[in-house]
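Novice: Got a structure for you, written out below as C-alpha cells; questions coming shortly.
Only the coordinates and a few stated rules stand behind these numbers; no lab work does. None of the values given here were measured: they were computed from a predicted structure. Virtual Cβ from ideal backbone geometry, glycine too; neighbours counted across all protein chains shown.
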C-alpha cells in the first residue's frame, strides 16, 4: 500500500510542515468550531468568479479559494502554487503530478478533524472507510487468500452435535452465531481477554466458536465446553432436564454479559451505571412503564432494561397485534390499587408499557408454554410474524403522541428509522414433555437455513414465516454510528 | 496567512438569506440547489474512495486472492444436508473430554453425564462418590469383573476399550477355567477369581462401597450393579456385608450398616450445602426440588 503522497508534497511538508493543511482543513473542510463554521459560511466563494462552485478548492500555499471550473488551475499556474485542497473531502491535488494524492499523515489529520467537527455539532461521526495500520498492511500482504461469505458456500454454517437433549442450546448458539453485529464483533476479534486461554471465559468460548463456524470445516461441532461453562456460571439451570430455549438464551446472555468484564477494554467503559459491553449494546433495550392515577392523572414513570419481550399468544393472530396489546394501557382495577404520590392515597390506576429505547436485536418470546398449578400445556395458536417489522408504533414517544391524539407534530420520531429484519426463528416441535427445538437462521440477506442439530438444510423465507415460532429475533435494519470521542 | 479578501459579514449573509426566502418562487430553485449539492457531494465521496483505493493499492490489498470456493460449495440434494451428509444416516458419534472430570465421554451422552458429573442431577451423588472412591484406590482391583453397570455406559473411548480388552482377557481366563472344571473340579468358583475369599479386607471394603455385591444363588457371581440395585434387597446387602467384612473390626461393621450412606460422602457435590443425609432424603424428589429452585431464581435476578 502506498499512501505517502508524492515527491512534491514531501518537499512542501519538509519546508512548511503539515500545519497549513491542518488549518485549511479545520476551518474550511471540516469546521471544528463555531468560529470556523462562520468563516466557512462567509468566505468560501471562488475568489475569481464569486461563485460557490463547482467544487471549491483552496490553495495550500496561500489559502486562495477558487473553483475547479478553471480558476484554481489558473491560480496554481500563475503563482506556481502546485498543491491545492478539495474543500468537500480534504483531498490534496498536485498540479505537477496532475492527480489527487494521498498522504497518510494528512489523512489522519482529516479524520481527527472530522471527529472534532461531529463533536462540535453534537452529531454522530460520519462513516469513513477502514484503513489498515502498518501491522495490518503487513498481514494483508502476507496472507493473500480471502475467504468470502457467499450464498453458495457453507462458510459460516456448521452443524451442532446433540449432546443428549441439548437441541435447546444448539438453537440458541445458531441464533447468536448468526446475529450480524455479534458476528462483526467476534470476527473482528474485538474481545481481548484478560483471562487469556484459561478456558473460563464464555466470551472467549463464543469467539472460538465463530472461528469454527467460519473455518470451512463440515463436521458437526460439539459444544461440551460451552455447556459446562454456562452450567457452571448459571447454576439455576440445574441440569439438562430443563430444556427451555428461552431460559437458556437469557442465561447465556447473562453469563456473556458478566464475562465481557474480562475484556481488556471493557472494564472502564461503564458510564452512568449503564454497561457498555457488546451484549448490552446489542441486546439491551429500555422498557418504560407509565402508571397513571385515575383521580389526579399523575404519571409515575419507570424505565427498566430488557433483553427480550415475552408476549401472550392467546387471542391475537400476529406479532404486531401481540405488540399492540403489550403496549396498550391497561386498567389495573379496584383490586390492585397503587399508592399515588400526588394524591397520597391508594387509587385505581392504568398502566402502560412502551419501548423507550430499542435494542439492536429485538428478541420476542411467544409464551407458548403455560404453567399453572393445575396444568402445564403448550399453546400452538398460529401467530404470523413479518420478515420486516417497523417498531415505531410501540415506542414510548409514538404511543404518547397517538394517545394524546396530536400526532401532527412529532418531531422526535421523524428521522428515526425503527425498521427491523427477521434473522432467526427458534421453533419448538412436539408436545410439552417430548419436544424438539430447531432454528431457522439467515446467513445473509435472502439466504435462510434450517438448523436441526447436526443437520443444516436450505430453507425458504416462506417456510420460515409459516413455521410456528417460539423465539423470534429481529435485527435493526439501519445502524447509526455513535459519536465516540475520547 | 493571507487575509481573506472576499469575506462577507454574517449580517450580509443573513440579509441575503432572508431576501431569498421572502420570495416563494425561490423555494424550488433553492431545493434543487441543495439537492444537487448533496448529490454531487455524495457522488464525489464514492469517487474519492475508489480513487484512493486504486491509487494507494488498498483495494488490491483488501481483495487479495479469492479463495477457491469449490470445496465449500453447498450441496443441493434432497437426500443431503448442505455439507453433503445424508439426512438419513446418523452422524458418527465423537468423543469429547469432560471439562469437569477430564474423562473421555461419548458426545451424544455428554449432557446427562455432565449433569451427574457436576452434581446437579438425580444420580450425581452416587457418581461423584464412586469417582472419589475410585481415585483413592488402585483402579485395577475390580477390573476383572464384567461390568454391567448401566450408569457407566457414557464412559467410552480409551477407558471403554481398555475395559473391553480386560473383559476379553478375563473371558479367556474363564474359558481356561471351564476347561479345568471340566477336568472334574466342579467345586471351584467360576467367578473370574473375584470372590471375597481372594480379596483383602480393604479391597472388599472398597468394592462394597461401589457395588451391590450380593452373591447370586444361581451363578455364584457378585452383583456388580449399584449399591441400591433393585434386584437385591437392603437386607441382602446388609447380610452380605456383615458376613463378608470381618464383624470383629468396628470399622467394617459400621460399613456394613451404612453402606448406602457411605455411598454419598458429604463433599461429593461441589455446590451442595446440604448434609449427606438430607440429600439422601431428597434423592427421590430430585426433580421437584430443582423446579423449586428455578422458581426462586428468575434468570434476570443474576444480572448484576
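Novice: Going highest first, how would you order A:226-234, B:36-44 by mean Cβ packing within 10 Å? Don't skip to the end; give the middle numbers.
Specialist: Details: A:226-234: 21.0, B:36-44: 11.8.
Top to bottom by mean Cβ count within 10 Å: A:226-234, B:36-44.
Novice: Across peptide A:114-125, what mean number of C-beta atoms from other chains lies inside 10 Å of a residue's C-beta?
Specialist: Numbers: counts 0, 0, 0, 0, 0, 0, 0, 0, 0, 0, 0, 0.
Taking the mean over all residues of the peptide, I get 0.
Novice: Could you compute how fast region A:120-238 diffuses translationally, taking Rh as the Kirkwood radius over C-alpha pairs and applying Stokes-Einstein at 20 °C with viscosity 1.002 mPa s? Give it in µm² per second.
Specialist: Details: Rh = 17.0 Å.
Rounded to a whole number, D works out at 126 µm²/s.
Novice: 7 Å from Cα along Cα→Cβ at both residue B:66 and residue B:239: what's the point-to-point distance in nm?
Specialist: 8.1
Novice: Moving on. Mind checking the full-extension length gain between residue A:330 and residue A:190? Use 0.36 nm per residue of separation minus the Cα-Cα distance, one decimal, nm.
Specialist: Full-extension gain reported as 46.0 nm.
Novice: In whole angstrom, note down how far apart the Cα centers of region A:137-189 and region B:200-240 are.
Specialist: Centre-to-centre (Cα) distance: 52 Å.
Novice: Per Stokes-Einstein, at 37 °C and 0.692 mPa s, what whole-number D in µm² s⁻¹ belongs to region A:423-482, with the Kirkwood radius over Cα pairs as the hydrodynamic radius? All intermediate terms of the calculation are to be shown ahead of the outcome.
Specialist: Values: Rh = 12.6 Å.
Approximately 261 µm²/s, per Stokes-Einstein.
Novice: What average count of beta carbons from other chains do you get within 10 Å of the Cβ of residues in A:161-173? Write out the running numbers ahead of the final one.
Specialist: Values: counts 7, 5, 11, 12, 2, 6, 0, 0, 1, 0, 0, 0, 0.
Other-chain Cβ atoms within 10 Å of each residue's Cβ, averaged: 3.
Novice: Using alpha carbons only, how many angstrom separate the centre of region B:65-87 from the centre of region A:317-331?
Specialist: A separation of 43 Å, based on Cα centres.
Novice: Taking the Cα atoms only, what angle lies between the long axis of helix A:104-121 and the longest principal axis of chain A, rounded to 10 degrees?
Specialist: With both axes taken from Cα atoms, the answer is about 60 degrees.
Novice: Here is a further query. Along each of its three principal axes, how wide is the spread of alpha-carbon positions in region A:67-179, in whole angstrom units, largest first?
Specialist: Largest first, region A:67-179 extends 82, 39, 27 Å along its Cα principal axes.
Novice: Another question, then. Per residue of chain A, what 222 nm ellipticity follows from adding -39500 (n - 2.57) for every DSSP H run with n ≥ 4, rounded to the nearest 500? Intermediate results must be reported in sequence, preceding the final value.
Specialist: Numbers: 16 runs with 150 residues, N = 486.
Dividing the helical sum by the residues of chain A leaves -9000 deg cm²/dmol.
Novice: Using the beta-carbon distance between residue A:310 and residue A:478 and R0 = 25 Å, what value does 1/(1 + (r/R0)^6) give for FRET efficiency, to the nearest 0.05?
Specialist: On the way: r = 26 Å, r/R0 = 1.06.
Between residue A:310 and residue A:478 the formula returns 0.40.
Novice: Now a separate question. What do you get for Rg/Rh of chain A when both radii come from the Cα atoms and Rh is the Kirkwood radius?
Specialist: Working: Rg = 28.5 Å, Rh = 26.8 Å.
Radius of gyration relative to Kirkwood radius: 1.06.
Novice: Indicate the gyration tensor shape class of region A:7-126 (rounded, prolate or oblate), computed on the Cα atoms with a ≥ b ≥ c the square roots of the eigenvalues: a/c under 1.5 is rounded; otherwise a/b larger than b/c is prolate and the rest oblate. Walk me through the numbers before you get to the answer.
Specialist: On the way: a/c = 2.04, a/b = 1.24, b/c = 1.65.
Oblate shape, in that a/c is at least 1.5 and b/c is the bigger or equal ratio.
Novice: Would you please put B:195-201, A:382-388 in order of how densely packed they are, using the mean number of other Cβ atoms within 10 angstrom per residue and starting with the highest?
Specialist: A:382-388, B:195-201
Novice: I've got another one for you. Per-residue counts of other Cβ atoms within 10 Å, averaged by peptide: what ranking do you get for A:320-329, A:15-24, highest first?
Specialist: A:320-329, A:15-24
Novice: Gap in Å between the Cα centre of region A:91-125 and the Cα centre of region A:199-260?
Specialist: Region A:199-260 and region A:91-125 have Cα centres spaced 44 Å from each other.
Novice: How big is region A:308-395 in terms of Cα radius of gyration and Dmax, in angstroms?
Specialist: Cα only, region A:308-395: 16.2, 48 Å (Rg, Dmax).
Novice: Let me ask something else about it. Between residue A:468 and residue A:96, with labels modelled 7 Å along Cα→Cβ, what's the label distance in nm to one decimal, could you check?
Specialist: Taking the simple label geometry, residue A:468 and residue A:96 are separated by 7.6 nm.
Novice: Also, quick follow-up: What percentages make up the Cα-Cα pair-distance distribution of region A:43-112 when the bins are 10 Å wide from 0?
Specialist: Calculated P(r), rounded to whole percents: 22, 55, 22, 1.
Novice: Suppose each label sits 7 Å from its Cα in the direction of the beta carbon; what would the residue A:133-residue A:375 distance come out to in nanometres?
Specialist: Reported label-point gap for residue A:133 and residue A:375 is 6.4 nm.
Novice: Remind me, what semi-axes does region B:28-118 give for its equivalent ellipsoid, largest first in whole Å, using sqrt of 5 times each Cα gyration tensor eigenvalue?
Specialist: Semi-axes from the Cα gyration tensor: 56, 21, 19 Å.
Novice: How many partner chain Cβ atoms sit within 10 Å of a residue's Cβ in peptide B:56-69, on average, as a whole number? Mind dumping the intermediate values first?
Specialist: Details: counts 10, 5, 10, 1, 2, 7, 6, 4, 7, 4, 6, 8, 1, 8.
Per residue, the average neighbour count from other chains is 6.
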